[in-house]
Amino acid sequence: MTLRRSLRNERCCIILELFGVPVAYCLGISSLLYFILENMPLVTFAQRFFYGLDSFTLLCIPGFMLAGNLMNTGGITYQIVRFCDKVIGHIRGGLGLANIGASMIFAGVSGTAAADAAPLGGILIPAMVKDGYDADYSVAVTAASSCIGPIIPPSVPMIMAGTLTGISVSKMFVAGVIPGILMGLGMMIVAWVISVKRNYPKNEKRASFREAFWALLMMVIILAGILTGIVTSTEASIIAVLYALFVGFFIYRELNVKMALAVIRDSMVGAAGIMVLVGFANVFAYVLTKEQIPTMIANWILSVTTNKFVILLIINIFLLFVGCFMETIAALTILFPVLLPVVTSIGVSPIQFGVMCVLNLVIGLTTPPVGVCLFITSSIGKISIAQGTKAIIPFLICNFVVLLLVTYFPPVTLWLGGLLYGI
């Protein structure tokens with residue numbers, strides 16, 4: 001009977017998604033239907049919704065979203081791109097390498113892949129095509145490198161995972177540093193090999209820290225504050241907003257009051273959408289827990305095999321498949337709390353698994369049919385999704401290698417945290 005009720009709830013959610021209903025409302029409507037059919041008090045529905053939002057850490061999300069948008073509008077993003085081009089632009093295919101480098105720096109503030117792909121793609125893809133790079137390559141390198149955004153701290157998906165399960169967000173941030181750097185360096189190698197093969201251009205400009213000093217200082221302040229524990233993630237997000245406002249108004253002088261108010265409005269609308277998803281996801285998770293769905297899934301997987309490496313492989317394949325069809329945060333809010341008991345039962349660290357989940361799902365942002373970042377960059381580059389998909393394959397292979405390291409070599413995610421926090 002329990003299984004029948006739970007399947008009814010999940011079928012409702014799936015049917016709503018097939019009709020194009022946003023994931024947040026799919027979770028909310030299906031959960032509400034469960035409450036009604038089970039004659040449960042609806043006040044509990046409201047309590048679980050607001051309980052999911054009652055977290056100081058969740059303030060990071062609007063904070064980092066606003067900081068990233070202020071960077072784009074206030075000229076900070078442009079200065080980061082110029083700096084990266086001057087540092088490594090003299091290497092063959094340097095503008096492609098600068099694209100990846102800018103994504104790594106921008107990841108230290110924005111926390112999302114789409115927030116990386118759109119502004120950097122808008123600046124770099126037309127510039128790369130103008131300089132003689134193929135459009136499909138320009139699109140591919142921009143989309144692939146945007147995946148670094150949710151891995152290098154801060155990371156909105158990691159904030160979500162930590163909030164939903166009680167895992168330390170700061171420790172998850174630290175765990176993402178080495179995988180993010182490995183992704184960036186690996187994609188730079190791939191980009192350089194392709195550039196040499198295709199004889200892409202290089203320029204003779206050299207680095208000048210003066211123009212980009214304020215832009216780079218922002219990332220240093222945020223990352224240093226979080227990694228050393230001087231500030232919490234939430235406090236860091238507020239510092240990022242104030243810093244972006246200061247630099248945009250008084251240093252680069254590309255920001256005015258009207259623009260700032262528009263950015264704040266747009267950022268809060270985006271953050272509100274995520275908060276609604278968090279609230280309904282918490283209600284949905286309550287229903288799943290009440291019906292013991294996580295236990296059922298854990299028992300089923302362990303009945304198939306008890307081999308740790310095979311279980312992790314199965315979960316990786318499943319998450320990669322889900323990432324092709326579902327937005328990262330939505331998939332994470334539904335699946336992470338369900339799968340966590342499975343991996344902890346076979347001795348995998350929750351922090352390692354958190355990074356593994358996020359990496360799996362963000363890779364899906366660059367694969368059809370719902371690859372948001374690939375769609376964004378292909379639109380900017382004016383090429384078809386098929387062309388972009390073919391061009392991005394070498395970079396996807398690189399990210400798969402990092403995923404395997406994260407999955408099967410725990411020090412990649414846990415070594416730095418061991419040094420800083422003793423995890």
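Residues that are open to solvent by less than 80 Å² (accessible area, probe 1.4 Å) and farther than 26 Å from GLY162 by Cα within the stretch 245-277 comprise LEU245, VAL247, GLY248, PHE249, ILE251, TYR252, LEU255, ASN256, MET259, ALA260, ALA262, VAL263, listed in sequence order.
Restricted to the stretch 366-383, and to residues that are part of a helix (DSSP H, G or I) and open to solvent by 20 Å² or more (accessible area, probe 1.4 Å), which residue is nearest to TRP415 (Cα to Cα)? Looking at the filtered set, the residue picked out is VAL372.
So, VAL220, is that one part of a helix (DSSP H, G or I) and surrounded by fewer than 14 Cβ atoms within 10 Å (Cβ to Cβ) or not? For VAL220, the condition - part of a helix (DSSP H, G or I) and surrounded by fewer than 14 Cβ atoms within 10 Å (Cβ to Cβ) - is met. When LEU320, LEU332, LEU302 are checked against the criterion of being open to solvent by less than 30 Å² (accessible area, probe 1.4 Å) and of a type in the set (A, V, I, L, M, F, W, C), a single residue qualifies: LEU332. If you check PHE309, PHE284, PHE280 for being at pLDDT 85 or above and open to solvent by 10 Å² or more (accessible area, probe 1.4 Å), only one passes: PHE309. Among the residues of the stretch 176-205, what is the count of those that are open to solvent by 50 Å² or more (accessible area, probe 1.4 Å) and of a type in the set (Phe, Trp, Tyr)? Looking only at that region, the number is 1.
Every residue, every condition in (1) over 10 Å from the mean Cα position of the chain (by Cα); (2) crowded, with 24+ Cβ neighbours inside 10 Å, yes or no:
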| residue | (1), (2) |
| --- | --- |
| VAL141 | yes, yes |
| PRO153 | no, yes |
| SER168 | yes, no |
| VAL174 | yes, yes |
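Can you spot a residue in the stretch 83-90 that is under 30 Å from PHE56 (Cα atoms) and either free of Cβ contacts under 8 Å to residues at least 40 places away in the same chain or outside any helix (DSSP H, G or I) (or both)? Checking the stretch 83-90: not a single residue is under 30 Å from PHE56 (Cα atoms) and either free of Cβ contacts under 8 Å to residues at least 40 places away in the same chain or outside any helix (DSSP H, G or I) (or both).
Determine whether ARG82 is touching a Phe, Trp or Tyr at 6+ places or on another chain (Cβ under 9 Å), of a type in the set (Lys, Arg) and modelled with pLDDT of 75 or more. The answer is no for ARG82. Considering the stretch 25-36, the residues that are open to solvent by 70 Å² or more (accessible area, probe 1.4 Å) and in contact (Cβ under 8 Å) with a residue 12 or more places away in the chain include one that is nearest to ALA331 (Cα to Cα), namely TYR25.
Could you tell me whether any residue of the stretch 116-133 is open to solvent by less than 30 Å² (accessible area, probe 1.4 Å), assigned to a helix (DSSP H, G or I) and either modelled with pLDDT of 85 or more or at positive phi (or both)? Yes, that holds for at least one residue.
Residue count for the stretch 312-371, restricted to those that are touching a residue at least 60 places away in the same chain (Cβ under 8 Å), among the hydroxyl-bearing types (Ser, Thr, Tyr) and in contact with a Gly (Cβ under 8 Å, 6 or more places away or on another chain): 1.
The values are calculated or read from the model by the stated rules, or taken from the named source; none is laboratory data. Quick caveat, the model's predicted, so the values are computed rather than measured. With ideal geometry, Cβ positions are generated from the backbone for all residues, glycine too; neighbour counts draw on all protein chains shown. Surface accessibility is based on the protein's heavy atoms, side chains included, excluding ligands, DNA and RNA. Shrake-Rupley method; radii C 1.70, N 1.55, O 1.52, S 1.80 Å.
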